[in-house]
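I have placed the structure first, in the form of structure tokens, so that the comments after it can refer back to it.
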Amino acid sequence: MKVVLLAGGYGTRISEESQFKPKPMIEIGGKPILWHIMKEYSHFGFNEFIICAGYKQHVIKEWFADYFLHNSDVTFDFTNKKNDMIIHNQYCEPWKVTVVDTGLNTMTGGRLKRIQPYVGKEPFMMTYGDGVCDVNIKDLYEFHKSHGKIATLTAVMLEQQKGVLDIGGDNAVHSFREKSLSDGAPINAGYMVLNPEIFNFISGDETVFEKESLTQLAKLGELMSYKHKGFWQCMDTKRELDMLNKFWDSDKAPWKVWND
């Protein structure tokens, strides 16, 4: 089963980093967040990826082009006036990666529509290239197969961003407490499983997948949610990037489900 990764946006909310590279190529622990997402899928046996690129798409292509070289010990031998390269202790992921330029200003639905020829007529997985999660992807897929609907998305609880106030009719604050998960609402965390019929709900480049396609599916009763109670975190701001790096540097990254 193929995994589609949306990686074409501008990443304007984290412009400190995204002015130089696509948001999915911003690094956690020296590796792009895109790599972290792919490692999780690979851990569960999903190794064929289609990346919907756009903004600075050449950076993604060049990174994968050099990936094998950068992860191997290499001898460059110029002694015979040749450029001989000898690979030692090579290490490479068991991945097949297709990077597709889906346009600079294409909306999320449009990006999916553009990679339809690479997906074919099979179910596929899809997520965003800017969030990490410890969801059990095999369980997610089994849940999707069990209900027979067109689409499944992973839902997580979103915490409130501020402290919680109990305010009485006299405007007096009667109590204050910090936010908790019970104060939040479920949100779409990505990590979707989609049947090929999904392309019938995308009209073209201007289609916003979340606002149009998923809304239509919900009205038709064709959208199901897989509730995830574990870790999920997007990387929208520099603060969130720093937090994820702190997790990784302390060897306590909750999304690191793989062993190597």
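The values are calculated or read from the model by the stated rules, or taken from the named source; none is laboratory data. Every value quoted in this text rests on a predicted model; they were computed, and no experiment measured them. Positions of Cβ are backbone-derived with ideal geometry, glycine not excepted, and every protein chain shown enters the neighbour counts.
Within region 1-28, count every residue that is under 14 Å from residue 63 (Cβ atoms) and among the small types (Gly, Ala, Ser).
Result for region 1-28: 1.
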Can you list the strands (runs of 3 or more DSSP E) lying wholly within region 165-260 that have 1 or more residues being of a type in the set (Gly, Ala, Ser), on the phi < 0 side of the Ramachandran plot and modelled with pLDDT of 90 or more?
223-227
Considering every residue within region 51-69, establish whether at least one is on the phi < 0 side of the Ramachandran plot, of a type outside the set (A, V, I, L, M, F, W, C), surrounded by 17 or more Cβ atoms within 10 Å (Cβ to Cβ) and in contact with a Phe, Trp or Tyr (Cβ under 7 Å, 6 or more places away or on another chain).
yes
Can residue 15 be described as among the hydroxyl-bearing types (Ser, Thr, Tyr) and within 14 Å of the chain's Cα centre (by Cα)?
no
Just the residues that are crowded, with 17+ Cβ neighbours inside 10 Å and either of a type in the set (Phe, Trp, Tyr) or over 16 Å from residue 147 (Cα atoms) (or both), please, taken from region 203-226.
207, 209, 212, 213, 214, 226
Looking at region 139-156, which of its residues are in a strand (DSSP E or B) and either in contact with an Asp or Glu (Cβ under 9 Å, 6 or more places away or on another chain) or among the aromatic types (Phe, Trp, Tyr) (or both)?
151
Under the condition of being over 22 Å from residue 51 (Cβ atoms) and among the hydroxyl-bearing types (Ser, Thr, Tyr), which residue from region 64-107 is nearest to the chain's Cα centre (by Cα)?
72
What's the number of the condition residue 113 fails, among (1) surrounded by fewer than 20 Cβ atoms within 10 Å (Cβ to Cβ); (2) at negative phi; (3) basic (Lys, Arg)?
(1)
Considering every residue within region 131-150, establish whether at least one is touching a Gly at 6+ places or on another chain (Cβ under 7 Å) and aliphatic (A, V, I, L, M).
yes
Taking region 54-82, which residues are among the charged types (D, E, K, R) and not in a loop (DSSP other than H, G, I, E, B)?
61, 62, 73, 77
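Go through region 23-53 residue by residue and tally those that are assigned to a helix (DSSP H, G or I) and of a type in the set (D, E, K, R).
So the answer is 3.
Hey, can you tell me all the residues within region 14-31 that are of a type in the set (Lys, Arg) and touching a residue at least 24 places away in the same chain (Cβ under 8 Å)?
Within region 14-31, 21, 23 qualify.
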Within region 136-145, identify whether any single residue is more than 25 Å from residue 235 (Cα to Cα) and free of Cβ contacts under 8 Å to residues at least 40 places away in the same chain, and answer yes or no.
yes
Do we find that residue 22 is at pLDDT below 95 and not basic (Lys, Arg) in this structure?
yes
When residues of region 74-100 are limited to those that are under 22 Å from residue 60 (Cα atoms) and among the charged types (D, E, K, R), the one surrounded by the most Cβ atoms within 10 Å (Cβ to Cβ)
93
Taking the condition of being buried (at least 19 other Cβ atoms within 10 Å of the Cβ) and at positive phi, how many residues in region 1-31 meet it?
1
Please count how many residues of region 112-134 are within 12 Å of the chain's Cα centre (by Cα) and of a type in the set (A, V, I, L, M, F, W, C).
4
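Being of a type in the set (Val, Ile, Thr) and touching an Asp or Glu at 6+ places or on another chain (Cβ under 8 Å) narrows it down to one residue among 102, 108; which is it?
Exactly one of 102, 108 is of a type in the set (Val, Ile, Thr) and touching an Asp or Glu at 6+ places or on another chain (Cβ under 8 Å), namely 108.
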